[in-house]
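Trainee: Before I ask anything, here is the structure I am working with.
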Amino acid sequence: GRGAKRLSTYRALLDEHLGSYSHASTEAAGDEYDLADRAMDDGYDLIVAVGGDGTWSHVADRVAARGSDVALGVLPAGTGNDFGRNLELSFSDPAAAVKALASGRDRKVDIGLVHTPSAPDLGGGSPRSRHVLNVIGIGFDVAVIDAAASARFLKGELLYKITALQQLFRVPGAPLRASDEDGFEQDATHLMVTISNGRWFGGGFPIAPDGRIDDGVLHACLIGDASPLQRLKLFGLAEKGRHVGDPRVQIRSATRFRLDFDASVRFEVDGDVFRSEGSTLDLEVRPGALTLVGA
């Protein structure tokens with residue numbers, strides 16, 4: 001509900017700094033895809049998504065799929081807003097976010113592409129390839145999103161961190177084989193695997209400390225399975241970006257990654273859970289394929 005409450009604030013600020021613009025609101029999950037397509041069909045060259053990582057990702061997916069000259073702007077109003085951290089945008093400062101947008105500064109940034117067809121885990125679409133704005137995650141990451149969806153009294157960053165602590169003692173490891181185009185291969189049971197475009201995920205964890213959204217590569221963080229107490233230690237290290245160098249953690253940067261499983265897999269893209277059509281996830285970076293305004 002934070003997005004709906006923030007909307008009037010953003011509308012007032014946009015009226016002040018932009019003057020003329022058109023707007024539309026989603027009424028159901030997935031409406032952002034249709035609204036983005038409609039805006040591009042109507043000739044708009046800048047689409048601003050108000051929400052969090054999921055909303056931004058859905059709009060970015062449509063913009064990148066068109067391969068057009070349409071640019072994307074983002075205003076934070078979601079739960080994690082991790083992609084916004086790469087742009088130094090914060091939910092707590094809506095005026096700064098709108099001023100950055102109104103400046104008109106643009107920047108070419110990377111976006112990931114999962115070639116493997118997938119569909120929303122709860123239905124509502126045919127399997128297809130999809131773009132990744134910030135991060136995909138497997139294992140522990142998905143368990144946290146599932147738990148957060150049923151939480152009733154937590155919000156924002158605290159929601160992810162509390163549910164993450166709970167799942168450290170519950171979630172089983174995920175067997176998979178990871179590889180990249182440079183010959184790296186690891187076949188093991190993992191607590192979690194993330195492949196990031198940017199630095200942040202999970203409501204403020206610097207999971208890829210050296211990640212940049214315009215460096216032309218993706219950043220994999222592979223965390224091996226561990227006992228509950230070791231998991232707790234890793235959680236504390238990851239919160240500060242100090243998990244790099246732990247013997248259970250592998251960090252890889254590459255333009256393409258492949259993850260192989262024994263069967264179809266549930267994975268998250270920017271906070272929304274999807275299910276793969278096959279047993280392989282094939283992911284690559286599209287360097288500079290997205291124009292961000294206000295970055």
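Trainee: Could you check the simple spin-label distance between His17 and Arg128, using points 7 Å along Cα→Cβ, in nm with one decimal?
Mentor: Going by the 7 Å Cα→Cβ label model, 3.2 nm.
Trainee: Using only Cα positions of the chain, each an equal point scatterer, no hydration layer, compute I(q)/I(0) via Debye at q = 0.10 Å⁻¹ and quote the log10 values to two decimals.
Mentor: Log10 of I(q)/I(0), two decimals: -0.51.
Trainee: Quick query: amide H of Gly203 versus all other amide H atoms, modeled in the peptide plane; which residues come in under 5 Å with a sequence gap of 5 or more or a different chain?
Mentor: Result for Gly203 returns Asp82.
Trainee: Hey, another quick one. Once you have a ≥ b ≥ c as the square roots of the Cα gyration tensor eigenvalues for the stretch 5-109, tell me rounded if a/c is under 1.5, and otherwise prolate or oblate according to whether a/b is larger than b/c. Walk me through the numbers before you get to the answer.
Mentor: Numbers: a/c = 1.30, a/b = 1.25, b/c = 1.04.
Cα axes put the stretch 5-109 in the rounded bin.
Trainee: Hey, what does the equivalent ellipsoid look like for the stretch 157-220, semi-axes from the Cα gyration tensor as sqrt of 5 times each eigenvalue, largest first, whole Å? It would help to have the intermediate numbers written out before the result.
Mentor: Values: eigenvalues 109, 78, 6 Å².
After scaling each eigenvalue by five and taking roots: 23, 20, 6 Å.
Trainee: About its Cα centre, how strong a charge dipole does the stretch 163-294 have in debye, to the nearest 20, once Lys and Arg get +1 and Asp and Glu get -1 at the Cβ?
Mentor: On the way: 15 positive and 19 negative charges, 114 e Å.
The calculated dipole for the stretch 163-294 is roughly 540 debye.
Trainee: Let me ask something else. Given R₀ = 25 Å, FRET efficiency for Thr9-Asp106 by Cβ-Cβ distance, to 0.05? Kindly include the intermediate steps, with their values, before the conclusion.
Mentor: On the way: r = 24 Å, r/R0 = 0.97.
Once rounded, the FRET efficiency stands at 0.55.
Trainee: Of the candidates Val59, Val193, Val244, which one comes out as most mobile in a Gaussian network treatment of the chain with C-alpha springs shorter than 10 Å?
Mentor: Val244
Trainee: Which listed residue (Gly139, Ala119, Thr26) has the Cα farthest towards the positive end of the charge dipole for the stretch 1-158, taking +1 on Lys and Arg C-beta and -1 on Asp and Glu C-beta about the Cα centre?
Mentor: It is Gly139, whose Cα lies furthest towards the positive end.
Trainee: Assigning unit charges at the beta carbon (Lys, Arg +1; Asp, Glu -1) and nothing else, what dipole magnitude in debye, to the nearest 20, does the stretch 1-58 show about its Cα centre?
Mentor: My answer is approximately 400 debye.
Trainee: Using a 1.4 Å probe and ignoring any ligands, DNA or RNA, find the accessible area of Tyr44 and quote it in Å² to the nearest 10.
Mentor: Tyr44 exposes around 100 Å² with every protein chain in place.
Trainee: So how long is each side of the stretch 174-295 along the principal axes, counting just the alpha-carbon atoms, biggest first, in Å?
Mentor: 44, 35, 29
Trainee: So, with a 1.4 angstrom probe, what is the percent of accessible area on the stretch 118-277 that is carbon and sulfur? Before the final figure, lay out the partial values.
Mentor: Details: 3660 of 7140 Å².
With neighbouring chains kept in place, the figure for the stretch 118-277 is 51 percent.
Trainee: Can you tell which of Gly245, Thr255, Phe267 lies farthest toward the positive end of the dipole of the stretch 238-284, using +1 and -1 charges on the Cβ of basic and acidic side chains (Lys, Arg; Asp, Glu)?
Mentor: The listed residue farthest towards the positive side: Gly245.
Trainee: What whole-number value in Å² describes the accessible area per residue of the stretch 51-158 for a 1.4 Å probe? The partial results should precede the final answer.
Mentor: Numbers: 4240 Å² over 108 residues.
Counting only protein heavy atoms, the per-residue value for the stretch 51-158 is 39 Å².
Trainee: Then there's this: Can you tell me the dipole magnitude for the chain around its Cα centre, using point charges on the Cβ only (Lys, Arg +1; Asp, Glu -1), in Debye to the nearest 20? Could you put the intermediate results ahead of the total?
Mentor: Details: 32 positive and 41 negative charges, 191 e Å.
Dipole about the Cα centre, nearest 20: 920 debye.
Trainee: Next question, about the same structure. Quick one: with all protein chains in place, what share of the accessible area of the stretch 1-116 is carbon or sulfur, to the nearest percent (1.4 Å probe)? Let's see the in-between values first.
Mentor: On the way: 2500 of 5580 Å².
Within the stretch 1-116, the accessible surface is 45 percent carbon and sulfur.
Trainee: Give me the number: length gained by fully extending Arg2 to Ser68, i.e. 0.36 nm times residue separation minus the C-alpha to C-alpha distance, one decimal in nm. Let's see the in-between values first.
Mentor: Working: separation 66, 0.36 × 66 = 23.76 nm, distance 3.11 nm.
Gain on extension, Arg2 to Ser68, equals 20.7 nm.
Trainee: Note down the nm distance, to one decimal, between modelled labels 7 Å out along Cα→Cβ at Asp146 and at Lys99.
Mentor: Label-label distance for Asp146 and Lys99, simple model: 4.4 nm.
The values are calculated or read from the model by the stated rules, or taken from the named source; none is laboratory data. Bear in mind the structure is a predicted one, so any value in this text is a computation, not a measurement. A quick note on method: Cβ atoms are made from the backbone with ideal geometry, for glycine too, and the neighbour counts reach across all protein chains shown. What goes into the accessible areas is simple: the full protein's heavy atoms, side chains included, and nothing from ligands, DNA or RNA. Shrake-Rupley method; radii C 1.70, N 1.55, O 1.52, S 1.80 Å.
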